[in-house]
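Trainee: Structure below; questions to follow.
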Amino acid sequence: MWDELDALGLEPETVEGGADVAVPWSDLAHVTASLRCAARVYVRVARADVRDAQELRRLLASLPWALWPLPQAVTVRWAVRKATSARAGWLAHETERILALRPSGDHAPLTLLMRVTGPEVEVSVDAAGRPMHQRGWRTEQGEAPLRETVAAAMLHAVGYDGTQALWDPMCGSGTLAIEAATWRQLAQWRPWDVDAWTLPPRFVPYEMPQFVRGRIVAGDLDPEVLAVAQRNAERAGVATAIDFRPAEVASQLRDGFRPSCVVVNPPWGKRLGGRNEARRLLQRLSAVLLRDAAGARVAVLSPEPQAVRELPITDGKSRQVDCGGASLYLISGTIAARAPGRTR
Ligand SMILES: C[S@@+](CC[C@H](N)C(=O)[O-])C[C@H]1O[C@@H](n2cnc3c(N)ncnc32)[C@H](O)[C@@H]1O
């Protein structure tokens with residue numbers, strides 16, 4: 001996420017659990033839509049010491065309500081530090097009472113985060129209104145779907161910028177390929193195409209222009225899950241940008257397509273029948289990568305850190321990523337021209 005903030009020309013300051021940046025209101029929608037790895041985006045809107053109901057009313061009245069079309073409901077999340085549970089309970093009760101007096105409309109619900117630190121209450125609004133990985137299109141999924149924010153981190157790990165030829169040979173419900181395709185759209189957005197308070201934005205479907213060079217190929221040996229991926233891509237408005245191939249990894253690139261970026265989220269654990277099976281699949285994948293994608297950048301998600309040594313990659317790096325409960329290793333590098341340890 002820090003790289004994304006840097007790329008946007010912002011100067012992030014590290015704070016507990018995230019990064020703090022200053023963004024003009026007019027840029028907020030674009031910035032939020034560009035942060036593909038962020039779990040949540042909160043916009044700080046008010047802060048004051050609150051000792052009684054009057055001070056709380058004043059704080060809540062000072063929020064920029066006029067900016068937001070009348071929401072169906074206002075949901076409040078709390079983060080409390082250095083305050084008794086009695087104070088936290090009182091604040092929650094009073095806030096609910098005050099907000100219930102506000103008129104409601106039929107626009108998207110508004111989510112506020114109230115951070116209590118001792119006497120102080122800071123109010124932020126959740127720019128997306130929900131976790132950022134919920135992009136809105138994945139209403140169907142296969143087994144072990146990837147969080148979209150982790151998919152974004154994998155795309156960053158291979159240096160994907162929306163123009164290169166990309167391959168996901170084990171695409172499942174299509175998360176990586178669809179994320180990649182929507183990046184291309186993002187590059188062509190104008191900030192006023194999106195509404196800051198209903199982010200993540202609904203992507204405006206459009207025909208991919210001919211000048212877009214890099215193709216996206218996504219394959220899976222399970223035709224049923226591939227059909228799910230296709231429907232997800234349609235919902236995201238990017239179906240025409242992805243070439244879906246129902247085939248085993250070794251026969252997906254028979255047409256000579258040569259990717260410059262490869263992203264893979266192989267099955268693992270019980271789904272695969274254990275470690276040996278997972279190892280065999282990794283070896284098979286390695287052989288195919290050497291044959292079909294030598295020289296490409298690759299990112300593989302694995303529960304085993306040592307997979308970094310088993311893949312045919314040079315300059316391999318491994319880092320832990322939180323995949324929503326499970327901690328996995330994101331391994332990245334460049335696919336070698338030939339298997340390690342062999343000479344021509
Ligand atoms: C962990 S899932 C991928 C999940 C996906 N990233 C998502 O977000 O839905 C792994 C996928 O690999 C596919 N797969 C397993 N072995 C394969 C092989 N040898 N060739 C192609 N696909 C394979 C499975 O059918 C499964 O859909």
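Trainee: If you build a Gaussian network model of the chain, linking Cα atoms that sit under 10 Å apart, which residue out of 104, 85, 286 swings the most?
Mentor: In this elastic network of the chain, the residue with the biggest mean-square fluctuation among 104, 85, 286 is 85.
Trainee: While we're on this one: Which of 34, 83, 22 sits farthest toward the positive end of the charge dipole of segment 19-106, with +1 on the Cβ of Lys and Arg and -1 on the Cβ of Asp and Glu?
Mentor: So the residue furthest toward the plus end is 83.
Trainee: Please build a GNM for the chain, connecting alpha carbons under 10 Å apart, and tell me which residue among 215, 319, 135 fluctuates the most.
Mentor: Of 215, 319, 135, the Gaussian network model singles out 319 as fluctuating most.
Trainee: Follow-up question, since we're still on this one. What distance in nm lies between label points placed 7 Å from Cα along the C-beta direction at residue 85 and residue 14?
Mentor: 3.4 nm
Trainee: Treating the angle as unsigned and between 0 and 90°, give the value, to the nearest 10°, between the Cα long axis of helix 275-292 and the longest Cα principal axis of the chain.
Mentor: 70 degrees
Trainee: Moving on to the next point. Among 217-228, 18-29, how do they line up from the highest to the lowest mean number of other beta-carbon atoms within 10 Å? Present the calculation step by step, with values, prior to reporting the outcome.
Mentor: On the way: 217-228: 18.8, 18-29: 13.9.
Going from most to least packed, we get 217-228, 18-29.
Trainee: Subtracting the Cα-Cα distance from 0.36 nm times the residue separation, let me have the gained length for residue 92 to residue 117 in nm, one decimal. Don't jump to the answer; show the numbers that get you there.
Mentor: Values: separation 25, 0.36 × 25 = 9.00 nm, distance 1.40 nm.
Between residue 92 and residue 117, full extension yields 7.6 nm more.
Trainee: Run the helix sum for the chain: -39,500 (n - 2.57) per DSSP H stretch of 4+ residues, divided by residue count, reported at 222 nm to the nearest 500 deg cm²/dmol.
Mentor: Numbers: 9 runs with 97 residues, N = 344.
It comes out at -8500 deg cm²/dmol, rounded to the nearest 500.
Trainee: Counting Lys and Arg as +1 and Asp and Glu as -1, each charge on the Cβ, what is the dipole of the chain about the Cα centre in debye, to the nearest 20?
Mentor: Values: 42 positive and 39 negative charges, 165 e Å.
Once rounded to the nearest 20, the dipole reads 800 debye.
Trainee: Can you give me the long-range amide H partners of residue 216? Hydrogens built in the peptide plane at 1.01 Å from N, cutoff under 5 Å, separation of 5 or more residues or another chain.
Mentor: It is 166, 243, by chain and number.
Trainee: By DSSP, what percent of the beta bridges with both residues in the chain are antiparallel, rounded to the nearest 5? Before the final figure, lay out each step's value.
Mentor: Details: 30 of 53 bridges.
Antiparallel bridges make up about 55 percent of those DSSP assigns within the chain.
Trainee: Could you give each residue of segment 59-66 its phi-based ³J(HN,Hα) in whole Hz, using Karplus coefficients 6.51, -1.76, 1.60 with θ = phi - 60°, and x for Gly or Pro?
Mentor: Karplus-based 3J(HN,Hα) across segment 59-66 equals 4, 5, 6, 7, 5, x, 4, 5 Hz.
Trainee: So, one more: Among 139, 95, which comes first, second and so on when ranked by fewest other beta-carbon atoms within 10 Å?
Mentor: 139, 95
Trainee: Using the alpha-carbon atoms, what tilt in degrees (0 to 90, nearest 10) does helix 85-100 show relative to the longest principal axis of the chain?
Mentor: 80 degrees
Trainee: Go through segment 249-263 residue by residue and turn each phi into a ³J(HN,Hα) via Karplus (6.51, -1.76, 1.60, θ = phi - 60°); whole Hz please, and just put x for glycine and proline.
Mentor: After applying 6.51 cos²θ - 1.76 cosθ + 1.60, I find 3, 5, 10, 7, 10, 5, 7, x, 4, 10, x, 9, 9, 10, 10 Hz.
Trainee: Sticking with this one: Any chance you could run the full-extension gain for residue 25 through residue 54? It's 0.36 nm times the residue separation minus the Cα-Cα distance, nm to one decimal. Before the final figure, lay out each step's value.
Mentor: Values: separation 29, 0.36 × 29 = 10.44 nm, distance 2.84 nm.
Length gained between residue 25 and residue 54: 7.6 nm.
Readers should treat all values here as calculations from the given coordinates under stated rules, not as data from a laboratory. Given the structure is predicted, the values throughout are model-derived calculations rather than measurements. Here Cβ is always computed from backbone atoms with ideal geometry, including for glycine, and neighbour counts include all displayed protein chains.
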